[in-house]
Ligand code: LMR
């Protein structure tokens, strides 16, 4: 590792000094919607660091966090038009172009964060379905990693101990039919909305609540406008790291390899920090004292689960792939 990095550094210095052997240089714009401090923000910054080092400066990565360049409404279009080259949207954001990716939105896909790596590894059935998704390929989008932000919690201004206590509440959701059905089965309504708009919508009471991992709740200050969190761990936020395929293939072969290897390294790093950052965010919320966190008993959590598993899974089996859904259902206890 050290030797390779030193060699790359030397090549970069050569190119900067005007050495023509350094060759053409490339820029990757990487846009995302969360803060740099989150599991996705940290992994994006790690990708930048590694790819710039390994390429000896032949590739520069510009990371644009916080929806500052593109947000949920336009980032996938920007990727396809090569206005940005990389994104890491949550699975739900692909619903319009690749609805099968809603597999990661299935409620209660995981009982604990420890179950995530096996189900979402590149060679698992779910992982393969995402890497080999034909709708993405036909839209010139290539998957080069799967990143993680752990499990979602419910927030609102009401104590939510039972699914019945959600009746009549409205929740912001990512644009996913699976998520709409999840809340419907709990007796709640839902409104799809861009991530950048969630804080204001909560503050102004446009919606009553939302669902996200602690790191997203804390980094958007949602807890300051939500009096209750139920630690339901009911769903997953998984990111699909994607690159404009034409752009990737336009790179010299050695740089294509460096991009993939750097993505792998950033993915490993993401897995290392995701759980820790979510625990830290939970502690910050507890210290802020604005929000009561309710931890459910296994029986209470099961009451939420029984309303949506297997019903929502079966409802979307055709969209996600019946074999994959059956396979995942067989792993449920
Ligand atoms: C959301 O919209 O709630 C999340 O997908 C945001 C993110 O990228 O984590």
Inset, instruction - Run the quick spin-label model on residue 25 and residue 299: label points 7 Å from Cα toward the beta carbon, then report their separation in nm to one decimal. - result: 6.5 nm
Legend entry - Overall Cα dimensions of the chain - principal axes, largest extent first, Å: 68, 45, 33
Legend entry - Values of log10 I(q)/I(0), in the order q = 0.11, 0.13, 0.27 Å⁻¹, for the stretch 130-214 under a Debye, Cα-only, solvent-free model: -0.39, -0.52, -1.35
Inset, instruction - Report, to two decimal places, the Cα Rg of the stretch 46-97 normalised by 2.2 N^0.38 Å (N = number of residues). - result: 1.28
Inset, instruction - Only helical DSSP H runs with n ≥ 4 go in: add -39500 (n - 2.57) per run for the chain, normalise by residue count and round the 222 nm mean residue ellipticity to 500 deg cm²/dmol. - result: -12500 deg cm²/dmol
Inset, instruction - Extending each Cα 7 Å along its Cβ direction at residue 134 and residue 112, get the distance between those two points in nm, one decimal. - result: 4.0 nm
Inset, instruction - Just the Kirkwood number for the stretch 221-286, please: inverse of mean 1/r across all distinct Cα pairs, in Å, one decimal. - result: 15.2 Å
Legend entry - Paramagnetic reach from residue 323 (point 7 Å along Cα→Cβ, amide N under 17 Å) across the stretch 123-146: 123-135
Legend entry - Within a Gaussian network of the chain (alpha carbon springs, distance under 10 Å), most fluctuating of 106, 241, 69: 69
Legend entry - Residue with peak Gaussian network fluctuation, the chain [Cα springs, cutoff 10 Å], from 57, 235, 145: 57
Inset, instruction - Would you mind checking the stretch 149-164 for residues with the amide N under 17 Å from a putative spin-label position 7 Å along Cα→C-beta of residue 227? - result: 155-162
Inset, instruction - Give the angle, between 0 and 90 degrees and rounded to the nearest 10, that separates the Cα long axis of helix 2-16 from the longest principal axis of the Cα atoms of the chain. - result: 60 degrees
Legend entry - Binned Cα-Cα distances of the stretch 271-329, short to long, each 10 Å bin given as a whole percent: 18, 24, 33, 22, 3
Inset, instruction - Obtain the nm distance between the two label points defined at residue 164 and residue 96 by a simple spin-label model: each point lies 7 Å from its Cα along the Cα-to-C-beta direction. - result: 4.0 nm
Legend entry - the stretch 161-294 - Kirkwood radius from inverse mean 1/r over Cα pairs (Å): 17.1 Å
Inset, instruction - Provide Rg and Dmax in Å for the stretch 234-333, with only Cα atoms included in the calculation. - result: 20.0, 55
Inset, instruction - Take the Cβ-Cβ distance between residue 283 and residue 197 as r, set R0 to 22 Å, and report the resulting FRET efficiency rounded to the nearest 0.05. - result: 0.25
Legend entry - Degrees, to the nearest 10: 39-54 long Cα axis against longest axis of the chain: 10 degrees
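With an 8 Å Cα cut-off and a minimum separation of 6 or more residues, compute the relative contact order for the stretch 65-105 in percent. Provide the component values of the computation, followed by the final result.
Working: 21 pairs, mean separation 9.9, N = 41.
Dividing the mean separation by the residue count of the stretch 65-105 yields 24 percent.
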Legend entry - Cα-Cα P(r), the stretch 192-241, percent of pairs per 10 Å interval: 23, 57, 19, 1
Legend entry - Acute angle (nearest 10 degrees) that the helix 253-288 long axis makes with the longest principal axis of the chain, alpha-carbon atoms: 40 degrees
Inset, instruction - Could you calculate, for the stretch 115-177, the ratio of the Cα radius of gyration to the Kirkwood radius, expressed as Rg to Rh? - result: 1.12
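Every number here is computed from the coordinates shown, using simple stated rules; none is lab data. Note that the structure is a prediction, hence the values are computed from the model and not measured. Here Cβ is always computed from backbone atoms with ideal geometry, including for glycine, and neighbour counts include all displayed protein chains.
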